[in-house]
1. Which members of segment A:1-33 meet the condition of being over 19 Å from A:GLU85 (Cα atoms), in contact with a strand residue (DSSP E or B) (Cβ under 9 Å, 6 or more places away or on another chain) and acidic (Asp, Glu)?
2. Would you point out which residue out of B:THR108, B:THR116 is at negative phi and surrounded by fewer than 15 Cβ atoms within 10 Å (Cβ to Cβ)?
3. Name the single residue that is surrounded by the fewest Cβ atoms within 10 Å (Cβ to Cβ) among those in segment B:30-41 being in contact (Cβ under 8 Å) with a residue 40 or more places away in the chain and of a type outside the set (Lys, Arg).
4. Of the conditions (1) of a type in the set (D, E, K, R); (2) within 19 Å of the chain's Cα centre (by Cα); (3) buried (at least 16 other Cβ atoms within 10 Å of the Cβ), A:ARG88 clears all except one; give me its number.
5. Can you pull out the residues in segment A:224-248 that are in contact with a strand residue (DSSP E or B) (Cβ under 7 Å, 6 or more places away or on another chain) and either crowded, with 17+ Cβ neighbours inside 10 Å or closer than 15 Å to B:ALA207 by Cβ (or both)?
6. Quick check on segment B:1-52: of everything there that is among the charged types (D, E, K, R) and outside any loop (DSSP other than H, G, I, E, B), which residue is nearest to the chain's Cα centre (by Cα)?
7. Here is a list: B:LEU50, B:LEU132, B:LEU124, B:LEU143. Which entry is closer than 18 Å to B:LEU24 by Cβ, hydrophobic (A, V, I, L, M, F, W, C) and modelled with pLDDT of 95 or more?
8. Are there helices (runs of 4 or more DSSP H) fully within segment B:131-223 with at least 1 residues that are away from chain A (no Cβ under 11 Å), crowded, with 22+ Cβ neighbours inside 10 Å and hydroxyl-bearing (Ser, Thr, Tyr)? List them.
2 protein chains.
Amino acid sequence: MSSQNIYDQADFFANYAGIDRSVLGLAGAPEWPRLRALLPDLAGRRVLDLGCGFGWFCRWARSGAPEGGGAAAVHGVDLSSNMLERARRMTSESGLDGITYEQADLETLPLAEAETYDVVFSSLALHYLVSLPRLVRGVHRALRPGGAFVFSVEHPIFTAPSRPGIVKVQGEDGKERRYWPLDDYQREGLRVTDWLAEGVRKQHRTAGTYIGLLLEAGFELTAFDEWFPRDGELADKQEWERNEMVKPTFLLVRAVKKAV
Amino acid sequence: MSSQNIYDQADFFANYAGIDRSVLGLAGAPEWPRLRALLPDLAGRRVLDLGCGFGWFCRWARSGAPEGGGAAAVHGVDLSSNMLERARRMTSESGLDGITYEQADLETLPLAEAETYDVVFSSLALHYLVSLPRLVRGVHRALRPGGAFVFSVEHPIFTAPSRPGIVKVQGEDGKERRYWPLDDYQREGLRVTDWLAEGVRKQHRTAGTYIGLLLEAGFELTAFDEWFPRDGELADKQEWERNEMVKPTFLLVRAVKKAV
């Protein structure tokens with residue numbers, strides 16, 4: 001089975017290239033500070049970036065790579081030639097050594113080499129995958145003992161609904177109420193949504209399933225962060241901030257390969 | 001601070017005594033088989049039961065205690081004299097040795113003895129507690145290294161909403177849709193609901209907070225089960241079964257005290 005290559009679909013890519021996290025880079029990804037905080041010190045480490053998109057580590061290096069950046073080598077994998085082209089160009093323009101890219105489908109990526117990486121990273125990619133159990137086992141094998149798997153996904157509460165979207169209703173007290181119309185939480189599998197383009201295909205999994213996949217592969221869970229904006233972090237986006245208190249959008253996870 | 005002693009409130013207790021899990025015992029608690037599966041072999045073990053209610057371990061022993069029952073000693077703690085009176089009577093009538101009971105408030109329970117228990121168990125009690133962080137640290141101290149903390153709580157998705165309850169709407173296709181009106185997920189704290197009596201006080205915490213409390217105390221998370229009915233398990237309660245697929249009600253957790 002192969003992935004939907006939505007990032008190489010013209011209408012989707014044109015829209016994606018215009019959203020905050022594309023235009024502003026790391027500064028446009030509100031969950032990045034907390035995701036970065038889950039990464040170990042990267043100095044001298046070998047890193048694999050699954051679904052690297054425009055290239056997180058290149059962007060991070062360009063921004064000065066504070067607080068532990070500076071990996072010895074980063075290998076980015078993505079399915080989208082659009083994304084990789086831009087990542088390669090930016091990496092080359094920045095004169096960055098040690099960052100390589102590869103076009104491949106995470107559904108079928110071999111990951112055959114054992115104990116190669118110190119860190120495997122993935123931002124908002126794994127919820128597209130049907131064959132996530134296979135990938136998690138592969139990541140475990142590819143990590144050195146004590147190595148960390150740090151990733152974000154769309155939160156299970158966010159992926160679950162058959163009709164996602166904040167609903168606003170007028171309460172009896174005249175006040176506006178906002179809720180998230182959660183349904184089908186326990187029915188895992190395909191969700192087709194219209195986000196930037198029609199017919200984007202995602203895979204809904206429960207929190208229990210994400211955790212179970214990690215534990216079964218031999219990981220120890222060491223962080224499970226349901227991101228939300230702290231103390232007016234999104235004060236310039238008040239509507240968004242209000243909606244983020246209703247339900248979690250991002251789930252940030254760190255799991256460590258146990259030393260045997 | 002002390003707990004609301006809702007189980008000693010006459011109207012609540014009269015109603016509680018009539019629900020399935022009171023009348024039918026373990027057979028009326030649909031999550032029990034999966035919660036039991038999280039317990040290690042109890043033979044010869046010392047067990048602490050926090051919020052023991054009518055006495056899970058007495059009931060389990062009476063039912064034949066299959067699959068690993070038969071603890072050497074069980075100490076049950078509950079705030080409700082109503083519950084404890086019934087638990088003590090049933091234990092005594094059954095001629096069971098080794099099960100003791102104590103009336104105490106989990107909000108202030110000392111748990112001062114270190115490395116006393118092999119297993120600490122709790123069924124649907126911890127979501128009432130304001131001082132859960134204190135209790136989790138106490139449980140960690142009271143367990144022997146390698147010992148297990150096995151508990152169920154009302155699931156964070158279940159405790160979150162300001163107005164809990166399945167909502168049914170007619171879709172444009174004429175079909176009935178059911179959803180759970182999730183809101184305030186990221187706002188932790190008091191929830192006052194009307195369940196069996198008016199004004200039942202619970203504490204909402206996110207999944208991330210439950211996991212974080214365990215990890216910070218020094219536990220390793222080894223199971224995180226968002227219970228739902230499998231394969232017509234509740235076929236005699238089809239309405240309930242349908243609602244349980246919409247959102248999780250119970251969260252079942254096992255955490256192990258790491259050997260230093």
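1. Within segment A:1-33, A:GLU31 is the sole residue that qualifies.
2. Details: B:THR116 fails: surrounded by fewer than 15 Cβ atoms within 10 Å (Cβ to Cβ).
The unique qualifying residue is B:THR108.
3. Initially, segment B:30-41 is screened for residues in contact (Cβ under 8 Å) with a residue 40 or more places away in the chain, giving B:30-31, B:34-35, B:38-40.
From what's left, of a type outside the set (Lys, Arg): B:30-31, B:35, B:38-40.
Values: B:PRO30: 20, B:GLU31: 19, B:LEU35: 24, B:LEU38: 19, B:LEU39: 19, B:PRO40: 15.
Here the answer is B:PRO40.
4. For A:ARG88, the failing item is (2).
5. Selection gives A:PHE224, A:ASP225, A:GLU226, A:TRP227, A:ASN243, A:VAL246, A:LYS247, A:PRO248.
6. By that ranking, first place goes to B:ASP49.
7. Of B:LEU50, B:LEU132, B:LEU124, B:LEU143, the one residue that is closer than 18 Å to B:LEU24 by Cβ, hydrophobic (A, V, I, L, M, F, W, C) and modelled with pLDDT of 95 or more is B:LEU124.
8. On the way: elements: B:132-142, B:156-159, B:207-217.
Where helices (runs of 4 or more DSSP H) fall fully within segment B:131-223 and carry at least 1 residues being away from chain A (no Cβ under 11 Å), crowded, with 22+ Cβ neighbours inside 10 Å and hydroxyl-bearing (Ser, Thr, Tyr), they are B:156-159.
The values are calculated or read from the model by the stated rules, or taken from the named source; none is laboratory data. Just so it is clear, the model here is predicted, and its values are computed rather than measured. As a convention, Cβ positions derive from the backbone with ideal geometry for all residues, glycine included, and neighbour counts pool all protein chains shown.
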